[in-house]
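Here is the structure we will look at, set down as structure tokens.
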Amino acid sequence: MPELTTEVDRLSLVIEIGSMPVRVHTTDARFLTMLQDRYAGFVSASEQAEIEFDVQLTPPNSPDPYAPVSVTHRLGRWTFERGDFRAEWEPASRTGWIRQTANPYSIDAVLRIFHTLVLARQGGFLMHSASAIRNGKAFLFAGVSEAGKTTISRLAPPDATLLTDEISYVRKQGAGYVAYGTPFTGELAKLGENVSAPVAALYLLAKGSENRIDPIPPGEATRSLLANLLFFAEDEELVQSTFHSAFEFVSRVPVSRLTFVPDARVWELIG
Amino acid sequence: MSRLYVARNPRVAARSLDGEMMIMSGRDSTLFTLNKTATILWQSADGTTPLDEIVEHRICTEFEVAPAVALQDAETVARELASHEILQISEEPIPPRNTVAGESR
């Protein structure tokens, strides 16, 4: 009797960001190679994963690139949707699936959302900021688009290790915070190093005619931090958790305004 | 003339920092920073103390303002906060529900 079914190879890799291993399964070898290239430096040999995502590739289409992200929670299951993907994650079973075309951007968005949700429950967050390690300490440089995240990253001296030029990964650890490298890039298009260090300071970037650091009141620091956090979920519990996390962070980490001219001397003030 | 009662919405996140009250809507993550009058109103909004008593005992004692003017201003502020679902307003006392998470932290 002829074989009626064909066995399909199930391929996988573990993407470890912020010390959180996420296993991604696919049946498409070319997509797997694409992910290995995209997350070079963040692919882990870890056998254990916090979550397993099955990626179901769909035929090429023309999704609306400006479609809003929707993140909802219902009956113990998170649903992430945008024009180019749909994903579900069930925390209890540590499993989920992603339906998308064979591109690296959709899964990148899913991973950002997933990490945002996990971190929110742990007192951490993803933030629109560049970050780097110098002298064993991590420094965050936050600001909106054009504030100077890419510029300050580009000006980093050789003894600074760039964690990201766009999205910083911050975990609460004991009485302090630790920043991790991320593969989430901005204009510099350079992956951060997959290393971590305790956060020593958060600088709110401003371009000016001189390099200087000015203290800012806690209220302004908190508002600025909240304005720079990545947050997608329309979930009251997580909104409250993130809100209080911002206050905790400001109470434990010095927050200042870093005004700088675009040259490397600004780094004389850092570290 | 009916009296107004105001109560904090337990579904928002609120926190005071250096005397500045910040509130985030749990519905749409909008952040509000309250001025002094609104902060007093928020802190006094227990659902059982009428607005005119809050104005008389908490606002008029803090600011040099005529009670009638203060009451009118407080009602405007209360309705504005209610439109963002930060406060609840009723012509009847509002029974307590959950406390506001982190309000006094």
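The values are calculated or read from the model by the stated rules, or taken from the named source; none is laboratory data. Just so it is clear, the structure is predicted and the values come from calculations on it, not from any experiment. Here the Cβ positions follow ideal geometry from the backbone for every residue, glycine too, while neighbour counts run over all protein chains shown.
Quick one: A:Val144 ticks every box in (1) under 16 Å from the mean Cα position of the chain (by Cα); (2) surrounded by 17 or more Cβ atoms within 10 Å (Cβ to Cβ); (3) assigned to a loop (DSSP other than H, G, I, E, B) bar one, so which box is it?
Result: A:Val144 fails condition (2) only.
Within region A:217-231, track down each residue that is surrounded by 15 or more Cβ atoms within 10 Å (Cβ to Cβ) and either more than 22 Å from A:Thr150 (Cβ to Cβ) or touching an Asp or Glu at 6+ places or on another chain (Cβ under 6 Å) (or both).
A:Pro218, A:Gly219, A:Glu220, A:Ala221, A:Thr222, A:Arg223, A:Leu226, A:Phe231
Among the residues of region A:51-65, which ones are within 26 Å of A:Ile17 (Cβ to Cβ) and assigned to a loop (DSSP other than H, G, I, E, B)?
The initial filter retains those residues of region A:51-65 that are within 26 Å of A:Ile17 (Cβ to Cβ), namely A:51-58, A:63, A:65.
A:Thr58, A:Pro63, A:Pro65, listed by residue number.
Given the conditions (1) in contact with a helix residue (DSSP H, G or I) (Cβ under 9 Å, 6 or more places away or on another chain); (2) in contact (Cβ under 8 Å) with a residue 60 or more places away in the chain, report the number of the one that A:Asp165 does not fulfil.
(2)
Take residues that are under 30 Å from A:Ile107 (Cβ atoms) and either out of contact with any strand residue (DSSP E or B) (no Cβ under 6 Å at 6 or more places or on another chain) or of a type outside the set (Phe, Trp, Tyr) (or both) and tell me which of the strands (runs of 3 or more DSSP E) falling wholly in region A:183-271 contain 2 or more.
Counting at least 2 such residues, we get A:196-207.
Pick out the one residue from A:Leu258, A:Leu238, A:Leu202 that is surrounded by 17 or more Cβ atoms within 10 Å (Cβ to Cβ) and touching a Ser or Thr at 6+ places or on another chain (Cβ under 8 Å).
A:Leu202
Here's a check for you: in region B:1-51, which residue that is part of a strand (DSSP E or B), more than 10 Å from chain A (Cβ to nearest Cβ) and of a type in the set (Val, Ile, Thr) is surrounded by the fewest Cβ atoms within 10 Å (Cβ to Cβ)?
My answer is B:Thr48.
Whether any residue in region A:26-48 is under 29 Å from A:Glu234 (Cβ atoms), in contact with a Lys or Arg (Cβ under 7 Å, 6 or more places away or on another chain) and either in a loop (DSSP other than H, G, I, E, B) or at pLDDT 95 or above (or both) is what I want to check.
The answer is no; no qualifying residue exists.
Condition check ((1) of a type in the set (Asp, Glu); (2) out of contact with any Ser or Thr (no Cβ under 6 Å at 6 or more places or on another chain); (3) at pLDDT below 90) across all residues:
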{"position": "B:Met22", "(1), (2), (3)": "no, no, no"}
{"position": "B:Gly26", "(1), (2), (3)": "no, yes, yes"}
{"position": "B:Gly47", "(1), (2), (3)": "no, yes, no"}
{"position": "B:Asp73", "(1), (2), (3)": "yes, yes, no"}
